[in-house]
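Report on one structure; see the data block that follows.
The values are calculated or read from the model by the stated rules, or taken from the named source; none is laboratory data. Owing to the predicted nature of the structure, the values given are computational and were not obtained by experimental measurement. Here the Cβ positions follow ideal geometry from the backbone for every residue, glycine too, while neighbour counts run over all protein chains shown. SASA here: full protein model, heavy atoms, side chains in, ligands and nucleic acids out. Shrake-Rupley method; radii C 1.70, N 1.55, O 1.52, S 1.80 Å.
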Amino acid sequence: MGNNPEEEEFLLNHSQNSTKGGVKTIPFIIVNESCERVASFGLQPNMILYITKFYNMDAARASVLLNLWSALSNGLAIFGAFISDSYIGRFRAIAIGTISSLIGMIVLWLTAIFPQIRPLPCGQDQLDCNAATAPQLAVILSSFGLISIGAGFVRPCSVAFGADQLENKENPDNERVMDTYFNWFYASVGISISVAITVIVYIQVQFGWQVGFGVPVLLMVLAVSIYLIGSPLYIKAKPKGSLFTGLFQVAVAAFRKRHINVQLNYSDDCYYKAPESKLLKPSIDFRCLNRACIIEDPHMDLKPDGKASDPWSLCFVEQVEIMKCFLRVLPMWSTCIMLLVSFGQPLSIYQLLTMDRHITHQFEIPAGSFGMITVLSLTIWIAFYDRALVPLLSRYTGLPTGLSTFSRMGIGLFLGIVATALSAITETIRRNKAINAGFEDDPNAVLNMSSMWFVPQLALYGVAEALNMVGQIEFIYSLFPKTMSSFAAALYTFGLALASLISSLLVSMVDSITSAGGKTSWLATNINRGHLDYYCWLTTFLCVINFLYFLAICRFTDQHHHDGRSSLFPEVEEEHSENRRFHGA
């Protein structure tokens with residue numbers, strides 16, 4: 001039964017009488033997050049064109065640079081979450097991040113306004129090109145760095161900061177209020193990314209870089225202003241420490257106590273436990289880590305109040321089990337990296353620029369906006385799977401999710417292979433058409449070939465990501481307690497960073513090897529002379545190897561995951577057994 005309007009209004013305004021926090025603060029937080037995402041995501045699709053044209057870089061080097069930028073942005077999200085949770089709190093982290101992004105975008109905007117901070121343009125033959133000087137490179141790299149710092153502080157903290165405003169354990173309907181908030185927050189994220197890769201990209205194409213970079217600056221000014229205006233209303237929770245600190249403490253404590261013989265049978269009293277903990281002793285998995293929670297000398301290891309004298313020498317049993325869970329998910333988590341690498345074909349925007357992108361005689365889809373196909377495919381598939389396929393599949397599999405997490409991850413990886421193979425076939429056809437038409441030396445010529453050739457592969461990438469990533473997150477959720485649900489998002493973010501690093505390394509290696517001896521690189525800026533199709537086939541081969549690796553991991557993980565004990569935490573087991581009883585009924 002649905003809520004009546006009066007009940008919904010009560011749920012959404014349950015804290016309105018409070019001086020701090022409540023739903024009144026949520027618009028400030030969501031607007032700040034949305035503006036940041038529109039501004040930063042809007043810069044990415046066409047950035048390779050800006051770098052190659054105005055900084056005289058070849059396409060391969062520009063692709064490496066932008067992959068490193070992406071890796072830095074995603075990697076700093078882990079760092080930003082750690083600093084926020086351990087030292088400065090979420091409010092300050094978001095404020096620092098938003099201001100940093102604003103400054104970075106202003107610097108980038110200035111590079112488009114003042115030609116003095118860019119190298120001179122190339123000659124007409126494209127051979128007489130001046131490389132960017134060290135100060136010129138420093139300017140644009142500093143803008144990338146500031147934007148990355150901003151993303152690293154804002155994105156991991158915004159959703160949790162909003163949850164801080166609504167947390168009210170005295171309200172029996174608090175869980176429903178939180179669910180409503182999360183739905184609205186993630187809906188705003190999806191809308192923001194859609195606006196970024198359509199509207200902002202279109203502005204860059206139609207009005208030039210000065211306007212195209214100026215609009216994100218205005219958005220960030222709005223983000224900073226809105227966020228700071230709401231400052232008196234926020235609940236500003238104090239930092240309580242980071243999960244990652246606990247992981248490091250376990251590793252250090254286990255190493256310090258490496259002399260302890262873990263083969264001995266210790267009594268439950270020998271292990272350091274948190275108050276009211278259900279875990280009396282550590283599991284036998286990764287037994288070497290058990291040293292971290294063994295009390296050798298109570299007088300030395302414990303304070304009079306029962307707390308550890310040195311948390312870097314003695315850890316809770318729960319900390320040790322969290323570390324073990326982290327080690328258990330790493331192999332399965334690593335199987336998604338190659339799929340993320342395959343999504344980012346380095347020169348795909350150059351392919352689209354040579355194809356007919358007209359929908360009507362007057363309207364042409366910007367090349368940088370084709371990523372919208374993947375976003376739409378992902379969104380439509382998740383809705384279709386949840387509403388149509390899950391009820392149907394559940395009748396045959398007996399699983400409330402329709403397919404097991406392993407099945408969804410595997411199907412996602414397989415579809416990624418198909419999509420990457422399709423991209424190789426499409427590029428082979430496009431390149432042959434260009435050569436046959438006499439455009440081998442004219443990479444700017446538009447072929448009589450529709451850009452709709454790209455739709456199948458981009459749509460498949462969206463379905464592949466929806467299946468694999470949702471399966472990955474559910475797999476991680478099944479191992480960790482509900483209180484650590486943000487850990488899955490942190491791992492996914494770190495996966496994006498690692499995938500960008502691997503992609504930049506792969507592009508650099510392929511470009512270096514294939515251009516040796518004066519040969520034309522596979523990833524040449526003139527894609528009609530290069531062999532981007534060979535690079536796509538190489539990526540396809542690596543995806544196949546990754547799929548075989550996934551099957552090997554499944555063989556070992558599935559047995560442990562379904563032996564009646566899918567998690568190391570009793571409370572998680574209780575949640576899972578309750579879910580099984582509920583769905584069985």
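Worth pointing out:
- All helices (runs of 4 or more DSSP H) inside region 138-254 with 2 or more residues being over 24 Å from Gly371 (Cβ atoms): 174-195, 209-229
- One residue from Phe28, Phe79, Phe91 being open to solvent by 30 Å² or more (accessible area, probe 1.4 Å), assigned to a helix (DSSP H, G or I), at pLDDT below 90 and not assigned by the TED database to the domain that holds Thr493: Phe79
- One residue from Cys543, Cys536 being in a helix (DSSP H, G or I) and within 17 Å of Met409 (Cα to Cα): Cys543
- Some residue of region 328-346 being farther than 22 Å from Leu280 by Cβ, open to solvent by 30 Å² or more (accessible area, probe 1.4 Å), at pLDDT below 90 and not hydrophobic (A, V, I, L, M, F, W, C): yes
- Only listed residue being part of a helix (DSSP H, G or I), free of Cβ contacts under 8 Å to residues at least 12 places away in the same chain and over 18 Å from Tyr534 (Cβ atoms), chosen from Met509, Met469, Met452, Met409: Met452
- All of Asn46, Asn74 fail the test of being out of contact with any strand residue (DSSP E or B) (no Cβ under 9 Å at 6 or more places or on another chain) and either of a type in the set (Val, Ile, Thr) or closer than 17 Å to Pro216 by Cβ (or both), apart from Asn46.
- Odd one out for Gly97, checked against (1) open to solvent by 30 Å² or more (accessible area, probe 1.4 Å); (2) at pLDDT 90 or above: (1)
- The requirement of being small (Gly, Ala, Ser), at pLDDT below 90 and open to solvent by less than 20 Å² (accessible area, probe 1.4 Å) is not satisfied by Gly398.
- Taking the criterion of being of a type outside the set (Val, Ile, Thr) and in contact with a strand residue (DSSP E or B) (Cβ under 7 Å, 6 or more places away or on another chain), the residues of region 281-304 that qualify are Lys281, Pro282, Cys293, Asp301, Leu302.
- Failed criterion for Ser309 (all others in (1) crowded, with 16+ Cβ neighbours inside 10 Å; (2) in contact with a Lys or Arg (Cβ under 9 Å, 6 or more places away or on another chain); (3) at pLDDT 85 or above hold): (1)
- Positions within region 354-392 being open to solvent by less than 70 Å² (accessible area, probe 1.4 Å), assigned to a helix (DSSP H, G or I) and of a type in the set (A, V, I, L, M), in sequence order: Ala367, Met372, Ile373, Val375, Leu378, Ala383, Ala388, Leu389, Val390
- Selection status of Ala223, of a type in the set (A, V, I, L, M), surrounded by 18 or more Cβ atoms within 10 Å (Cβ to Cβ) and either modelled with pLDDT under 80 or not assigned by the TED database to the domain that holds Ala367 (or both): yes
- Residues of region 329-352 include at least one that is more than 30 Å from Ser63 (Cα to Cα) and in contact (Cβ under 8 Å) with a residue 12 or more places away in the chain.
- Extreme residue, nearest to Arg256 (Cα to Cα), among residues of region 283-293 that are of a type outside the set (Gly, Ala, Ser) and either open to solvent by 30 Å² or more (accessible area, probe 1.4 Å) or out of contact with any Cys (no Cβ under 6 Å at 6 or more places or on another chain) (or both): Arg291
- Check on Val38, modelled with pLDDT of 90 or more and open to solvent by less than 30 Å² (accessible area, probe 1.4 Å): yes
- Condition check for Gln351: open to solvent by less than 50 Å² (accessible area, probe 1.4 Å), part of a loop (DSSP other than H, G, I, E, B) and within 30 Å of Ile435 (Cβ to Cβ): no
- Some residue of region 430-437 being within 23 Å of the chain's Cα centre (by Cα) and buried (at least 19 other Cβ atoms within 10 Å of the Cβ): no
- All positions within region 294-320 that are in contact (Cβ under 8 Å) with a residue 12 or more places away in the chain, farther than 18 Å from Arg258 by Cβ and assigned to a helix (DSSP H, G or I): Val317, Glu318
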